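Nothing in this text is a laboratory measurement; each read-out follows from the coordinates by a stated rule. If you're wondering where the values come from, they're calculated on a predicted model, not measured in any experiment. With ideal geometry, Cβ positions are generated from the backbone for all residues, glycine too; neighbour counts draw on all protein chains shown.
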Amino acid sequence: MDRSMEPIIEVSGLHFRYASGKRDALDGIDLTIRRGEFVGVTGPSGAGKSTLCQCLKGIIPAGTFTGNVRVAGQDVKPRGPYMESSALVFQDPETQIIGLTVAEDLAFGPENLQRDPSQIRAAIPGYLKTVRLSGYEDAETYRLSGGQKQRLAIADALILLPDILILDEPTSELDPIGKDEVFEVVAALRRERAVTVVMVEHAAEQLAEMADRIILMDHGRIVADGPPDELYHGEGFFHRPDGERSPQVAQLLVALERDGLVDAARFTAREDEAVALLSEMLEARAGVPAGD
Amino acid sequence: MTSNGQRPDVAIDVDAITFRYEPKSPDVLHGVSLQIHHGEFVAMIGQNGAGKTTLAKTFNGLLKPTTGTVLAGGTDTRTASVGQLARSVGYVYQNPDHQIFAQRVRAEVAFGPNNLKLSEAEVAERVQEALELVDLADHADEFAFSLGRGQRQKLAVASVLAMRPPTLVVDEPTTGLDQKGAKGILDLLTRWNTHGRTIIVITHDMTLVAERVPRTVVVGGGRIIADGPTREVLSNQELLAEAFLRPPQVTRVAQRLARYGVASDALTVPELHAELSRVLRGAV
């Protein structure tokens, strides 16, 4: 990551309103993302998360778009040119999968970018293995389960070799192990190719482990932005009955902090660190003579 | 509700069933037996492809067992039509878009009760009640597909509630919903359950199961590999590993702190918070 920290996504004063919309779906977004960062995006339904993903990808829906969006040196504009630097995994894989078979679907993207067909074919098994769909080359896409479709949609994006991977709730239909696998795929991509990742996700516990930074959106605005340990510590959005869900270890440490049992400076939203902190405290406690 | 009266307390009685989708395809359920009593709130958990949805679809005759029997509200599902069974067991699909077909919200909810040949007034009353229960009464005249995902999920639940089935099966009720939407659906199911209805949820969300559901059935490889009180099931590490499942984070943390005398079966954040307060303060 320290290879270079230059901004790869720069957004300023972005407003977007759908043609049928009564209010701005994006209401003044300012955002800088550096090369190699993993940015989690969370927030309630209707906050503008999917709309932001589409604007970052340069697929701007019908409506009014104002402001500046610059991605990998290219200005995003309505009806602008295709942006090869990024790939988007849509929230609903059905809107993305168009091939009759899995192999055809995977080949469609790179073929459209006029990449070498024999190299595309040769690459397919590797991408299927990455998303645990080995041997599914000739499977008909409409027969896949929801979880399999979601994994194919991720492979569709990976095969384009993007510098920026944008994922819109890529794990919503996956079981816990399947969710972990998606996060592992993303982690491996970052290690191998320093891919920049923007991921809309409600799985707070996994985001806390993996993301460098989390953005909380509401009503078309960015209302909080920071590293997981800072964001999930804040009381404003998370630790209240109608708030967003934070990792359970964050909830636990905030509760112990309110009791005066844990030092606020030692807050963490990550499981291993929380266990280490609590173990240390429990060990210290055991060392205190009985009757104290 | 029950027609034969043999086991009036049993809402769903699955007896040694197998199931295969086509005559020559392999079995996806292998000798499953399960009884769910009236008024219970049960979770079915298991990894993708474990057979949860297939099993649940036998509860109201959407799928008929290849061998063995399923009694829904006392009726053998092989002898009754899905229309008849829908009166005793309602089924809410995982993807609301696989269920919704009417243009307008009101018409979607009225479809089921209309098929029960109820009076117009009775249908109107049930539609209103169901829409109010899911907080969609203000959207009755809108286009069903113009609703957001969370609202479509609620609409799918409402159209089943309007049938007033004593038993409700809900497949992944919170997928794709934000925290507020998920809480809304769960509060609704909990409320429905306290009114005596039987609720069965299929879910990957272990936190939901831990916080809300007293009984948990683990499905793996087309079999039931565990069935018991949620606390026992979710604190059994070997069992969950076998089913490729993980307990909620707070339970994992409790287990990792067990060597310091922390009770290892906490299911919720308040439980572990209380336990840690107790141990850290040194109270006995």
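Residues whose amide H comes within less than 5 Å of that of B:THR75, counting only those at least five positions distant or on another chain, are B:SER3 (H built at 1.01 Å from N in the peptide plane). Of the residues A:LEU158, A:LEU26, A:LEU100, the one with the fewest other Cβ atoms within 10 Å heads the list, and the complete ranking is A:LEU100, A:LEU158, A:LEU26.
Rounded to the nearest Hz, the phi-derived 3J(HN,Hα) couplings of the stretch B:83-97 under the Karplus curve 6.51 cos²θ - 1.76 cosθ + 1.60 (θ = phi - 60°) are x, 5, 5, 4, 6, 9, 10, x, 10, 9, 5, 4, 9, x, 6, where x marks glycine and proline. Karplus-based coupling profile of the stretch B:60-77, in residue order and whole Hz: 10, x, 4, 10, 9, x, 6, 9, x, 10, 10, 9, 10, x, x, 9, 5, 5, with θ = phi - 60° in 6.51 cos²θ - 1.76 cosθ + 1.60 and x standing for Gly or Pro. Normalised by the residues of the stretch B:89-164, what does the relative contact order come to in percent, with Cα pairs under 8 Å and at least six apart? With pairs under 8 Å counted, the relative contact order is 47 percent. Considering helices alone, the calculated mean residue ellipticity of chain B at 222 nm is -10500 deg cm²/dmol, with DSSP H runs of length four and up weighted by -39500 (n - 2.57) and normalised per residue.
GNM remark for chain A: springs join alpha carbons under 10 Å apart, and the peak mean-square fluctuation among A:PRO117, A:PRO170, A:PRO93 falls on A:PRO117.
Expressed as a whole percent, the proportion of Cα-Cα pairs in the protein assembly as shown lying more than 43 Å apart is 24%. From the P(r) of the stretch B:158-282, could you give the percentage of C-alpha pairs in the tail past 26 Å? Summing the P(r) tail past 26 Å for the stretch B:158-282 gives 30 percent. Remark: spin-label model distance A:LYS129-B:ASP187 equals 5.0 nm, labels positioned 7 Å along the Cα→Cβ axis.
Taking Cα centre as origin and charging only the Cβ of basic (Lys, Arg, +1) and acidic (Asp, Glu, -1) residues, the dipole magnitude of the stretch B:89-164 rounds to 280 debye.
Under Stokes-Einstein, with the Kirkwood radius over Cα pairs as Rh, the value for chain B at 4 °C and 1.567 mPa s is 65 µm²/s.
Once C-alpha pairs closer than 8 Å and six or more residues apart are averaged by separation and normalised to the residue number of chain B, the relative contact order reads 20 percent. Computed with the Debye formula from one identical point scatterer per Cα of the stretch A:172-292, without solvent, the log10 of I(q)/I(0) at q = 0.14, 0.15, 0.22 Å⁻¹ comes to -0.70, -0.78, -1.31.
The lysines within cross-link reach of B:LYS52, meaning a Cα-to-Cα straight distance under 17 Å and a gap of 8 or more places when in the same chain, are B:LYS64.
Between B:ASN60, B:ASN236, B:ASN193, the Gaussian network model of chain B with springs among Cα atoms under 10 angstrom shows the greatest mean-square fluctuation at B:ASN236.
Normalised by 2.2 N^0.38 Å, with N the number of residues, the alpha-carbon radius of gyration of chain A equals 1.11. Per-residue 3J(HN,Hα) values for the stretch A:263-274, derived from phi via the Karplus relation 6.51 cos²θ - 1.76 cosθ + 1.60 with θ = phi - 60°, read 6, 4, 5, 9, 4, 9, 9, 9, 4, 4, 5, 5 Hz in sequence order (x marks Gly and Pro).
Shape summary of the stretch A:94-161, radius of gyration then Dmax from alpha carbon positions: 10.6, 30 Å. Computed over chain A, relative contact order equals 20 percent, with contacts defined as Cα pairs under 8 Å that lie 6+ residues apart. Report summary: the helix-based calculation at 222 nm, which adds -39500 (n - 2.57) for every DSSP H run with n ≥ 4 and divides by the residues of chain A, gives -11000 deg cm²/dmol. Scanning residues 5 or more positions from B:GLY220 or on other chains, those with amide H under 5 Å from its amide H are B:ILE225, with H placed 1.01 Å from N in the peptide plane.
Overall, the ratio between the Cα radius of gyration of the stretch B:89-164 and 2.2 N^0.38 Å, rounded to two decimals, is 0.96. With Rh defined as the Kirkwood radius, the inverse of the mean 1/r over Cα pairs, the Rg/Rh of the stretch B:167-216 is 0.92.
Placing unit charges on the Cβ atoms of the charged side chains and taking the dipole of the protein assembly as shown about its Cα centre, the candidate lying farthest along the positive direction among B:ALA110, B:ALA210, A:PRO117 is B:ALA110. For A:MET217, the amide hydrogen comes within under 5 Å of the amide hydrogens of A:THR42, A:GLY43, A:VAL223, counting only partners 5 or more places away or on other chains and with H modelled in the peptide plane. If you build a Gaussian network model of chain B, linking Cα atoms that sit under 10 Å apart, which residue out of B:ARG78, B:ARG87, B:ARG256 swings the most? Of B:ARG78, B:ARG87, B:ARG256, the Gaussian network model singles out B:ARG256 as fluctuating most.
The charge dipole of the protein assembly as shown, taken about the Cα centre with unit charges on the Cβ atoms of Lys, Arg (+1) and Asp, Glu (-1), comes to about 860 debye, rounded to the nearest 20.
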